Amino acid sequence: MGEIFEEKLIEMTRRGEQKKVEYLKNLNNVILPSFVKRIREDDKTVLKEIVVPEWVSWDLLREWALNKEKPAGRKCILCSELDETGINFKNEFVCRDCFLALKNME
């Protein structure tokens, strides 16, 4: 992880703030992947849509999102999401969801 995130974890562990440490370690379970993507893009309007404690700063949240493991897969040319299932169409990847949506439009 990044410097700010690690420093915050170490500082809270030294102070004995175990609930805060657990919260930071479980951010994956608290913040949806769509919000993680927007946090990575530096979209601060996410703060109005998610509920995080006051002690979680934007810098801490953004560094966590940037250093979070990125999901495996290939990038879809239609929705720009990473996915492992889909098809190749004219040397470009189309994820399963987009393919099914296009197929159902017929």
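Values quoted throughout were computed directly from the atomic coordinates according to the rules given, and no laboratory measurement underlies them. Remember, predicted model here, so these are calculated numbers, not experimental data. Heads up, the Cβs are rebuilt from the backbone with ideal geometry, glycines too, and the neighbour counts pull from every protein chain shown.
Pairs from the table (K19/K68; K8/K48; K8/K44; K44/K75; K48/K103) lying more than 27 angstrom apart at Cα are K48/K103.
Summing charges over all other residues whose Cβ lies under 13 Å from the Cβ of N29, with Lys and Arg as +1 and Asp and Glu as -1, gives +1.
Summary of the geometry: the range 42-106 and the range 2-30, compared by the centres of their Cα atoms, lie 25 Å apart.
So, with +1 on the Cβ of K and R and -1 on the Cβ of D and E, and no other charges, what is the size of the charge dipole of the chain about its Cα centre, to the nearest 20 debye? Show your work: numbers first, answer last.
On the way: 19 positive and 20 negative charges, 26 e Å.
That gives a dipole near 120 debye.
Between E7 and E49, what is 0.36 nm times their sequence separation minus the Cα-Cα distance? Round to one decimal in nm. Don't jump to the answer; show the numbers that get you there.
On the way: separation 42, 0.36 × 42 = 15.12 nm, distance 2.64 nm.
Gain on extension, E7 to E49, equals 12.5 nm.
With a simple spin-label model that places each label point 7 Å from the Cα along the Cα-to-Cβ direction, the separation between N28 and N91 comes to 3.6 nm.
More than 18 Å apart: what percent of Cα pairs in the chain qualify? Each step should come with its number before you reach the end.
Values: 3226 of 5565 pairs.
Value for the chain: 58 percent of Cα pairs lie more than 18 Å apart.
Neighbours of I39 by Cβ distance under 10 Å: Lys/Arg scored +1, Asp/Glu scored -1, total +2. Each of S57, L32, I4 was scored by the projection of its Cα onto the charge dipole of the range 3-67, and the greatest displacement toward the positive side belongs to L32; charges sit on the C-beta of Lys, Arg, Asp and Glu.
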